[in-house]
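*Asks:* One structure coming up, written as structure tokens, with questions to follow.
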Amino acid sequence: MPVLFAPIPLRSLTIPNRVWMAPMCQYSAAADGPQTGVPDDWHFAHLASRAVGGAGLILTEATSVSPEGRISPADLGLWNDRQQAAFTRITGFLSRHGTVPGIQLAHAGRKASADRPWRGGAPLGTAEGGWRPVAPSPIPFSDRYPAPEELPADRIRGIVGDFAAAAGRALRAGFQVVEIHGAHGYLIGEFLSSHSNHRTDAYGGPFENRIRFALEVVDAVRAVWPEELPVFFRVSATDWLPDDQGWSLDDTVRLAKELLAHGVDLLDVSSGGNAAGVKIPTGPGYQVPFAARVRAETGGAVAAVGQITDPHQAESILASGQADAVLLGRELLRDPYWPQRAALALGERPRRPDQYLRAV
């Protein structure tokens with residue numbers, strides 16, 4: 001059997017294959033009113049089609065733990081009962097079709113309150129349905145963004161509680177994997193990096209202080225998440241700045257060791273997003289070496305992501321020990337049935353629903 005289609009056990013959960021869908025924001029939820037942040041028919045169709053296509057694990061898009069934590073007013077949320085109930089329809093379908101349902105919990109920090117990308121993605125003021133973002137320090141993401149409000153310690157503790165409450169709702173909604181979003185320049189990643197965190201209290205300054213918020217969130221989520229189910233953490237391996245000006249791969253390896261000790265089961269290794277205007281040398285599998293180093297130096301499970309598009313490329317990443325799973329993003333937007341096509345390319349029998357067997 002190709003490694004790509006071998007099951008992977010994490011705690012008491014077994015994920016049926018190692019082709020996973022990365023979280024990708026759809027910016028398609030209601031922006032106000034009683035349906036704010038509630039997944040609707042678009043989200044159901046988007047996620048269900050990838051389960052039919054054979055993904056072993058589907059991570060929903062960055063789902064905010066509070067209204068102020070949304071990237072845009074049209075983001076999904078998980079801070080109330082209506083949102084929780086709507087997610088059960090999605091998790092039920094995914095589970096019935098052999099896919100593990102997972103959710104990424106997030107807070108956008110200083111990058112919150114922005115318009116939908118296809119409308120330019122500009123920050124929104126209060127008159128346009130936006131709000132003032134919060135952050136570890138009052139440093140705007142770029143000259144296009146307003147200065148965020150610096151979080152006092154009591155509000156930091158409140159956000160830790162928001163993550164725990166959202167994780168509890170995720171469990172009741174039927175999710176089996178929870179991922180904490182610590183990457184791409186959103187709130188947790190902002191605390192990690194000296195580029196965006198200029199605090200002088202217990203949450204800023206030396207490495208041990210800058211990772212404090214991340215570890216508090218992990219501990220709070222792990223306390224409400226069942227012992228038998230896994231917790232993931234997404235991290236940006238580098239800010240793509242000189243190492244002395246921001247977060248580095250060395251920092252990521254140090255953080256990974258701490259996260260594993262605090263009960264994280266898998267590191268989802270991405271990069272960038274915290275510094276505007278940087279040059280990122282992209283190309284096929286360009287972030288895989290980051291995941292490989294984290295895996296080699298910590299012994300922990302990792303998932304690789306970033307321009308993984310070819311079945312043989314994906315199989316090589318796993319067979320060579322660079323990662324334990326691959327997360328596909330844009331490729332699964334282009335082709336929801338990529339896992340089936342990959343199975344055929346690697347000589348494996350695809351997983352297909354009974355309703356489609358006549359096409360074989």
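The values are calculated or read from the model by the stated rules, or taken from the named source; none is laboratory data. Fair warning: this is a prediction, and the values are worked out from it, not measured in the lab. Positions of Cβ are backbone-derived with ideal geometry, glycine not excepted, and every protein chain shown enters the neighbour counts. SASA here: full protein model, heavy atoms, side chains in, ligands and nucleic acids out. Shrake-Rupley method; radii C 1.70, N 1.55, O 1.52, S 1.80 Å.
*Asks:* For segment 338-352, state whether one or more residues are within 22 Å of the chain's Cα centre (by Cα) and either surrounded by 13 or more Cβ atoms within 10 Å (Cβ to Cβ) or polar (S, T, N, Q) (or both).
*Replies:* Scanning segment 338-352 turns up at least one residue that is within 22 Å of the chain's Cα centre (by Cα) and either surrounded by 13 or more Cβ atoms within 10 Å (Cβ to Cβ) or polar (S, T, N, Q) (or both).
*Asks:* Which ones in segment 93-107 are assigned to a loop (DSSP other than H, G, I, E, B) and within 18 Å of the chain's Cα centre (by Cα)?
*Replies:* T99, H107
*Asks:* Across segment 168-185, what is the total count of residues that are over 15 Å from L13 (Cα atoms), open to solvent by less than 10 Å² (accessible area, probe 1.4 Å) and assigned to a loop (DSSP other than H, G, I, E, B)?
*Replies:* Total satisfying the criteria: 3.
*Asks:* Just give me the residues in segment 140-159 being within 16 Å of I188 (Cβ to Cβ), out of contact with any strand residue (DSSP E or B) (no Cβ under 6 Å at 6 or more places or on another chain) and surrounded by 17 or more Cβ atoms within 10 Å (Cβ to Cβ), in sequence order.
*Replies:* F141, I156, I159
*Asks:* Under 8 Å between Cβ atoms, at least 6 apart or on separate chains: pull out the pairs that start in segment 4-30 with a residue that is within 19 Å of Y186 (Cβ to Cβ) and end on any residue that is of a type in the set (K, R) and part of a strand (DSSP E or B).
*Replies:* Cβ pairs passing all conditions: P23/R234.
*Asks:* Another one. State whether one or more residues within segment 348-360 are modelled with pLDDT of 95 or more and among the aliphatic types (A, V, I, L, M).
*Replies:* no
*Asks:* Further, regarding this structure: What is the residue count in segment 62-92 for residues that are assigned to a helix (DSSP H, G or I) and either buried (at least 19 other Cβ atoms within 10 Å of the Cβ) or of a type outside the set (K, R) (or both)?
*Replies:* 13
*Asks:* Which residues, counting only those in segment 7-22, are open to solvent by 20 Å² or more (accessible area, probe 1.4 Å) and assigned to a loop (DSSP other than H, G, I, E, B)?
*Replies:* If the condition is that a residue be open to solvent by 20 Å² or more (accessible area, probe 1.4 Å) and assigned to a loop (DSSP other than H, G, I, E, B), then P7, R11, S12, P16, R18 are the ones that fit.
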